[in-house]
Each structure stands twice: as structure tokens, then as C-alpha cells.
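Down below is the structure, laid out as C-alpha cells.
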Amino acid sequence: MRGAWTRIIAMALKELKVVLLDRRVLTTLVASPIIQLILFGFATTLEVRNIDIGVVNRDIGVASEQFLAAMAGNRNMREIRFYPSEAALRDAIEEREVIAGLLIPPDLSAHYARRETAEMGLLLDGRRINAAQIVAGYMADIAHEAGGRMRPELAHPEPEVVARHWYNPNLEYRWFTLPGMITLITTVIVLSVSVQAIAREREFGTYDELMALPMRHWEILAGKCVPAFCVGLFNGMLYVVMIPLVSDVPFNGSLLLMLPAIAAFSLAITGIGLAISTVSQNQQQAFLGGFLVIVPLMLLSGYASPVDGMPGWLQVVAGIDPLSHMLTISHALFLKGLPASAILPQIAPIMAVALAALALALGLMRLRHD
Amino acid sequence: MAEAPHLRFEGVTKRFKGPRRRSPPVLALDGVSFTLPPGRTLGLVGPDAAGKTTLMRIMAGLVEPDEGTVEVLGDPVAQIDRSQVGYMPQGGGLYAELSVRQNLELYARLRGIEPEESPERIAQLYRLTGLAGFENRPSGQLSGGMRQKLAMACAVVAAPRLMLLDEPSVGVDPVSRREIWQLAQELAGAGSSIVWTTSILDDAERCDELLLLHEGKVHYAGPPGGLAQRAAGRTYSRALGTARPRDAVQALLEQPEIVTAGIAGDRVHAVTRAAVPPGPDWQVAKPDADDGFAVSLDTGVVLPPSALAAAFPVRSADPAVPAIAAIGLSRRYGSFTAVQDISFSVSPGEIFGLLGPNGAGKSTTFRMLCGLLAPSGGRGTVAGRDLTVARAQAREALGYMPQKFSLYGDLTVAANLKFVAGAYGLSGSRAAEAIERVVGALGLEGYFASAAGALPLGTRQRLALGAAVLHTPPVLFLDEPTSGVDPLIRREFWHHINAIAARGTAVLVTTHFMNEAENCDRLMLINQSEAIAQGTPAELRRLARGMAGEPTLEEAFITLIRSQREEAAA
């Protein structure tokens, strides 16, 4: 057993040197995650700001005036542009000058005056479906608000729902994205290091020499895990420490829980990367293989679209995705500060993926040898 | 008016930046002057890092000299007409994934020839290189000899007046080497001249002129005979008698009055430092270019007893129990048989050589015995361990030096050795001792912190040998250990190999050098995936004797291979 340790340590040290000696790799590993954290953290938000909206106003009464004033006062609105006709408005949407168009009919004020329900038309750019839906929501709010102000006696005829957003009281989007970024960026970095591990040896022709050494396949694999695993652990923990420092997102959980979670997660992604690496002939193939898995991993994680909205069978697949569990852990520890009893059940499936992926890599390595 | 010389160098000097910041610049060429008249063949020889490749690159207009005048085909090199100069870089510069045809047509177009417009030239190239029938094979899957021929064809597709060939015969068997030489002569039109760099002095002796470079300076310029004459009066030989060839050589190499020694047929051959025979029964012999080379570059340093071997425990295993055994080894790839039913055994302390043309199946046999490749039939044992059931244990018992440098080019010499030591289970002080010993014995101290990939070829080979013997294995596998290195380093290598074998380690070696094969105890000749002869060098020579007088081993090699080819064709 001592021999095995010596061999694994030799392999691990060699792999670390290969990764750390390459200055470009090192820059990619340390500088780029920080830049990514800052860029993505602020760029990926589902809040729609700076809305430009087009209006065709055929009403000359007080109702439209009131409504447009309320709209102009909304903080997400940037510019209201007026168009003479529906055709002009259609062109503006077509040209992406505005994301939505509001058609105010000539009898709006008349309806208002007669105390009848008044209607307006809203045209939305379906090509930008997410943003458009959110804009529609804003417009409904504005209409509700303006209507209430104009006819206080009709406001809140029924009990109002007063929403309080737990864990993120001001519904700050950053509070969702930044802890999520830990998962995404760690995945990208760990995968890009681990897919190279064996493919590089094949490409440079050093794999033969390696196979002639008295190393067992599992020892080679164990040694090759080390750099990617360390990079993942380092980067992951760096984010956990950095996020509360550079933003207003709090870290409410325990670092002692975050550490094993990130470790298990890094190991799982390393295993996936190594499995890809064993079947790649060169580094180019390895990178392409990495891209092939990274997109589904991210889509199924629930970061971009909620898992609850997926069909049942896909939810099962998403349940295997280590990213979905890591995302849950990350949000739970940052925002809720959940205890170990809630976190460990999420770590377990990640560990299961790690072991399965490493076993697969080992099996593929043996298979390729003969 | 007489044609201007094809090459004229005068006082050419080139410096390169030092390997590290603030280290002094490296003087690659130091005042090199020579002239090459039209229609001549110039052999460029010299040890590793002598400046041969730099000189070639200056001729090709790829590198500018710092000082001096360079004229190519009568014009300053700056105005070089590239269609008149064909340059074949070391390694050939072929695209491994492209087919033979795609490579050839690509290079033709790059040199301004549309293959469709000159079908005769293309057909001629296929015919001369013997590549007709292989047009669609990716060049990476050609044998070494064929690859070199293709690379040469690509370089000279435009029928240039000056052909610059950098190491065209490295790693190529004697039969292909003769063919490549022939090919160069045929491809060069009348009045064309050839520059040919090589570390094989056999090749050099075929040239019209020789230029011996060492540390950037010209040490000899003139006809090959003149270089051999340097060793005149200092070259002796005597009958081998009953002594084992390699023992006789080994004893001589460590004597202070001997420059170099070797076996030629049934005689021992030695070059001395003074014009005094090494003993009473020695006769004056005719020197060859190898001898002249050794004399010209002799530093007067006496080879010390191999410190590399001294660390090997003396193994007195039962010689009847083979250290390496191949029992009916076969390997098939689909319908193609790479190795067919090969059997041999190597005793402890024996040096066994595998010879054969490129692509004959030597490397495949080798790889099966190292456990790198599973045999399709038969089995192999190493140090008594069966490769099919105890692969890892078998590997612990062997040291392997692959044909291609397979250590990590980005890592330092130190990091490479530490890794290999650890891989063999050496840790802490045992690893440190082993590394220190190997570094000291192979003169790698100065390179300890250099990246392995940046080392000169000979030094890199030394490092690879060092890595293979760190754990003092009972079995050593060396796949073309001296490919591309100069005669002095080859002498040093064999000095170590002999000493290691003398301590009871079994050595399996492949080589394309017949004077190295003479140093083996027994040989196996493999051709077209089958063993065609097995025995001591003397026995192999005897096999071929029926055909022509007193053959050298190289002649025997060529005769035996040709006769098998004729049988196969019949």
C-alpha cells in the first residue's frame, strides 16, 4: 500500500506541476473566474430595466394622461415613444426600437367617465419572450396602480395579497445569481482542467511511457484527479469568501458545510472530465467533449429555468445533475443558513455521481488499454 | 562562364538568446566559411548541438546570420529564389492526418506547381519513392522509411537546384537508408547539389564533401577520405578470438589510451590517442570516417567505469531461467498481421538485439513484451512474471526507454526524474539517491533545472535512459536508444549498457546500426512480421555467407531481407 501512495503522490505532483507551470493556464484559472464572477454576476439578471415602450395614443382625455404619467414614473421604464399609427408601431417592434407597444383606444376616457371598465391593447415582442412577459407584468401593475389612484373607491375591492419575500426581502436578483455563479464557474474551470489530464498525455505521446510504468490504472486516475479537484476547491471557496465582500449578498450558512459540499462537487465534475478525457485522442477532442456535457449540465441545473417547470422524466434526469444539488446547497447556505441535516442529503447524490463518474473513467481506461 | 558556387559562406556567425534571462547568448555558429560547387553533395556532420540545423536554416533563408556573407546559388541569401531551393526540415514537416497524395499536392502547390499541369513530375515522384499504391494512406501511418521518402519528395517536388535535407535518414533501417540515398541522387537533376545532415557516418562517406561542425566551428572540411585519414596510424584491429565481443570492447573503452573501440565482423577495432598499438597482437587497420570523427572530437577524457551500472545489484540468477521470454507472440489488427508467431528468450545478463526494417514488427513485439499491447496469440514473460496475468508486477521488473522521447517536455529534468522515481515506488531519500546517481552518471547536472523538451537530442536520450534505470531493474527494454545521436554519445551509451548487462540485467534492444548489433550477444532479424533469422552476430553473417564472400553484418542483413522478399514475391 505504501508503494501505491508513493506512486499516487508522484503522479499528483507531476500533474500539478504541468498545470501550474503553464502560465496561460494559471492566468485562466485564477484571473478569469474573478472577472467572470463580476461580469456574470451583474449581467445575468432576470429583472428587465431600461424598457423602451411605444405608444399609439388615440385618446385625448384624462385617463390616458394619467396612465402615461404613471408609466413614465416607473423606475424600470426608460423611454416612451409615440407613434402615429399601428403600422408605425409594428415597424418599431420589428426594428426592436421598443419591446412592447401600447394601443390606447379613442374611447378610453369616455369609458372612464362613464365608470365602465376600460380596455387597452398591449403588443409584445414574442422574440424576446422572457423580457416581454416581465414587461407585461409591469404593465398590469401600472394599470392596476393608475386605476386605483383614479378611482380610490374601486381600489382593493377584495383582500390584497401582501407578499413578503423570505431570504431575499427586496427581491434583489443578485442574491440569486451570485451564489449560483459559484456552481457554474466552478464547473467550467474544473471541467476544462480535468478533460485535458489524459488527452494531453495521448497527444504528446507520453501515454506509452506511463503505461510501461508499474502504475495501476486507478493510481493514475487518483493522481490525475488532484489538480482539477484542487482548482475547484480553491476557486469555489474563493467565491464563497469574495461574494459577501464585494456585494451585499450575505453568507448566512456555515463554511464548514460549504467546504465538503464544494469538495464533493469538484470531485464529481473532475470525474466527469476524466471520463471524457479517457476517450479523447487529443486535447481538441477533449475540449469538444467537455462542451458536449457542460451545456446539458447547466440547462438541467435549474439556474436558467426552474426544474419544476420541466416534464416529469426530465426532472428525474435533473435530479442526477450534480449542478442542481450544488445550486440548492449554495442558495441554502448563502441565503437561508440551513443546518447540516438539510445539506447532507444534497451532498450524498453529488458524491454518488462522483463515484459513478470515476468508476466509469476507470472502466473506460481499462477498456481502451486492451 | 563557370557557374557560381551553389553555396558560399564566409565568416558566418549566429548567436541565440541564452536559455534563461541574463544567461550569456549561445554561440550557435562561429565564423563558418565554405564553398559548395554546383552538382556536389555536401555531408554536414557533427555532434549534437553543433550548429548543423542552424546552418541549414540559414541556407534556406529562414534564419538571418548575425555576421558574415551567405550566398545561395550565386545571390545573397536575402534574394533567395525559393523555388530553386528545396528544404526538408528535421522530421519532414508532413501533415500526419493528410494522405500521401494530399501532402504531395499541397507541397507542390506551395512551390508553385499545379499537380494537374505536370503529371509526369508527380508520376515520377511516386515511382522513385515507391509510394505508388499508397496514395490514400495518411502519412502518419507510413513506416519511418516511407515517411522520410515522402518528406523528401515534398521538399524537392519543384526539382530545385539546391536540396537541403536535414537528417533524412534518422531512425531508418539500413535497407531504407540506402534507398533514401539513392532517391536523393535520382531526384537531384543534373547539376543540382545536395546538402545532407546526418549523425550516421556511413551516409557521410557517400558524400563528395564533408563539413564537420563542433560547437559552431568547422573542424573539418574536405572529402570524406580526408576525415578518415585523421585517424591514420592510430587505428588498429586484432582477431576477436574466443572472447565475447562486448567484453573485449568494454575493456578497451575504459583504457586511457583508447579513443573508441568497436566490433567489425570477427575483429576488434580500436582507435588510440597516440600512434601506439594497444597490444602486441594488434595490426594497423584502415580508418573510416567514424574513426576520423572520433579523433577530431576527442576531448582526451577517459570514460570512467559506468556509475550508472555500479548501482545495479549483481544478479546471479539462474541463466537457464529466461529473464524475458516470448512464446509464439502474435498480433493482428483486423486482417493485417503485424507480428506472426515470434518466439525467443533472453537470459539474465544477456544483450538481445531485435533487427529489421521499419514496419517489420519490431516495435509491436517490443510493446507486447512491455505490457503496452495485449497479444492476439501467444504470451510473454518478464522476470518470470506472465504479462497477461501479472502485468503490473512485470512492469515493476522492467525499465523501458521508448523510441520516441516520452517524458514531459514542459517539466524540468528534475521534475521528470522525481515523477518516474515515484512511479517506481521510490520515495524520500531512496528517490533522491537514485536521482543524484543517475544525474551524476549521465552528466545531466547542468540541465537539472532545464525543461526536458528544450534539451539537445543526445541529452534528451540520456535523460530517457536515466529514467529507465532509476530503479535498477532486472530487465531493460531499449527501443532504438541511439537513434539520431552522434557516434561519441553512442559509444557512451553502449558503455553503460554493457556494464549494466555485466551485472546480470537482461537487455532487449532494437537498433538500425549494425556496429551496435555486433555488440549484442544474440540477434533476431524480423521482416514482414516474421522472424527470419536468430543467432549470434557471427551466425547471422555465416547464414548470408553463401551469397557473397565475407559479408559484413549490414550486408548479411540486406541479403537475408532481400531473399525473404524474393521468396514472398515468388
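Observations, loosely collected:
- Screening B:P280 against (1) farther than 20 Å from B:E492 by Cα; (2) of a type outside the set (G, A, S); (3) touching a strand residue (DSSP E or B) at 6+ places or on another chain (Cβ under 6 Å) leaves a single unmet condition, (3).
- Residue that is farthest from the other protein chains (Cβ to nearest Cβ), among those in the range B:421-440 that are under 17 Å from B:A311 (Cα atoms) and buried (at least 21 other Cβ atoms within 10 Å of the Cβ): B:V438
- Per the listing B:Y447, B:Y424, B:Y400, the residue uniquely aromatic (F, W, Y) and farther than 30 Å from B:A320 by Cβ is B:Y447.
- Evaluated against (1) at negative phi; (2) away from chain A (no Cβ under 13 Å), B:G504 falls short on exactly one condition, (1).
- The set of residues in the range A:272-330 being outside any helix (DSSP H, G or I) and surrounded by 18 or more Cβ atoms within 10 Å (Cβ to Cβ) consists of A:S280, A:L300, A:S301, A:G302, A:Y303, A:D321.
- Meets criteria (assigned to a loop (DSSP other than H, G, I, E, B) and surrounded by fewer than 16 Cβ atoms within 10 Å (Cβ to Cβ)) for A:R127: no
- Cβ-Cβ contacts under 9 Å between residues 6 or more apart (or on different chains), taken from a first residue in the range A:1-24 that is more than 7 Å from chain B (Cβ to nearest Cβ) to a second residue that is in a loop (DSSP other than H, G, I, E, B) and of a type in the set (K, R), are listed as A:A4/A:R216.
- The listed residues are A:M215, A:M242, A:M211, A:M181, and the only one of them that is part of a helix (DSSP H, G or I) and over 28 Å from A:S305 (Cα atoms) turns out to be A:M211.
- Here B:L329 meets the list (1) surrounded by fewer than 23 Cβ atoms within 10 Å (Cβ to Cβ); (2) modelled with pLDDT of 85 or more; (3) of a type in the set (A, V, I, L, M) almost entirely, failing just condition (1).
- Filter pass, A:A304 being in contact with a helix residue (DSSP H, G or I) (Cβ under 9 Å, 6 or more places away or on another chain) and over 16 Å from A:I182 (Cα atoms): no
- Residues in the range A:119-154 that are among the small types (G, A, S) and farther than 17 Å from A:A69 by Cα were compared, and the one that is nearest to the chain's Cα centre (by Cα) is A:A131.
- Of all residues in the range B:507-522, those being in a loop (DSSP other than H, G, I, E, B), farther than 22 Å from B:L398 by Cβ and out of contact with any Gly (no Cβ under 8 Å at 6 or more places or on another chain) number 1.
- Restricting the range B:475-501 to residues that are among the aliphatic types (A, V, I, L, M) and within 14 Å of chain A (Cβ to nearest Cβ) leaves a set whose member that is surrounded by the fewest Cβ atoms within 10 Å (Cβ to Cβ) is B:V475.
Let's see how each residue does on (1) assigned to a helix (DSSP H, G or I); (2) at pLDDT below 85; (3) β-branched (V, I, T):
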| site | (1), (2), (3) |
| --- | --- |
| A:T6 | yes, no, yes |
| A:A31 | yes, yes, no |
| A:I35 | yes, yes, yes |
| A:R49 | no, yes, no |
| A:A69 | yes, no, no |
| A:R75 | no, yes, no |
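- Within the range B:243-260, the residues that satisfy the criterion of being farther than 16 Å from B:A501 by Cα and among the β-branched types (V, I, T) are B:I258, B:V259, B:T260.
- Residue match in the range B:382-404 (condition: away from every other protein chain (no Cβ under 14 Å), hydroxyl-bearing (S, T, Y) and not in a loop (DSSP other than H, G, I, E, B)): no
The values are calculated or read from the model by the stated rules, or taken from the named source; none is laboratory data. Predicted model, so just to flag it, every value in this text is computed and none were measured. Virtual Cβ from ideal backbone geometry, glycine too; neighbours counted across all protein chains shown.
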